[in-house]
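Here it is: the structure, laid out below.
The values are calculated or read from the model by the stated rules, or taken from the named source; none is laboratory data. Here the structure is a predicted model, which is why all the values come from computation and not from measurement. Please note: Cβ atoms are built from the backbone with ideal geometry, for glycine as well, and neighbour counts cover all protein chains shown.
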Amino acid sequence: GELGRALGNLLDNAVKYTRKRFEGSPGGVIRIGASRQDQGWRVLVGDNGTGIEEELREAVFERFRRGEPSRCREGGSPGGYGLGLAIARRVIESHGGSIEFLDSPEGALLSVFIPLGGVET
């Protein structure tokens, strides 16, 4: 369903920015975790890619917005239309959930909460 596609967008984003940083060399890592929490599910998607500066974190959830090349850690945005995170947020919030960046020593770490009533079975 659409929640699955939204989570797929988060994974695609992690792959894209990890690939940008490591450019085909070994070392790229994507972390995924899920746990039951507070009447819902918490899903974490993290990577050790280029990351995003704290002041741009909210802006990348807007349509057609990505991290500015000069503002992304280690420079550059790897392409795309800037819709993946905007779509993911819209879908997650339409199911009563939330999505936010968490602090991470490197790369990006996104936290998604989806209430049990919002999970498709």
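Would you please list the contacts, defined by Cβ atoms under 6 Å and residues six or more apart or on different chains, that run from a residue in the stretch 97-115 that is of a type in the set (Phe, Trp, Tyr) to a residue that is surrounded by 15 or more Cβ atoms within 10 Å (Cβ to Cβ) and not in a strand (DSSP E or B)?
If the second residue must be surrounded by 15 or more Cβ atoms within 10 Å (Cβ to Cβ) and not in a strand (DSSP E or B), the pairs left are 101/57; 113/97.
Whether any residue in the stretch 20-31 is more than 18 Å from residue 113 (Cα to Cα), of a type in the set (D, E, K, R) and out of contact with any Gly (no Cβ under 9 Å at 6 or more places or on another chain) is what I want to check.
There is at least one residue in the stretch 20-31 that is more than 18 Å from residue 113 (Cα to Cα), of a type in the set (D, E, K, R) and out of contact with any Gly (no Cβ under 9 Å at 6 or more places or on another chain).
Then there is this: Would you be able to tell me the number of residues in the stretch 21-41 that are of a type in the set (S, T, N, Q) and touching a residue at least 12 places away in the same chain (Cβ under 8 Å)?
Here the count works out to 2.
Has the stretch 13-35 got any residue that is part of a loop (DSSP other than H, G, I, E, B), touching a Cys at 6+ places or on another chain (Cβ under 8 Å) and modelled with pLDDT of 80 or more?
No, the stretch 13-35 has no match at all.
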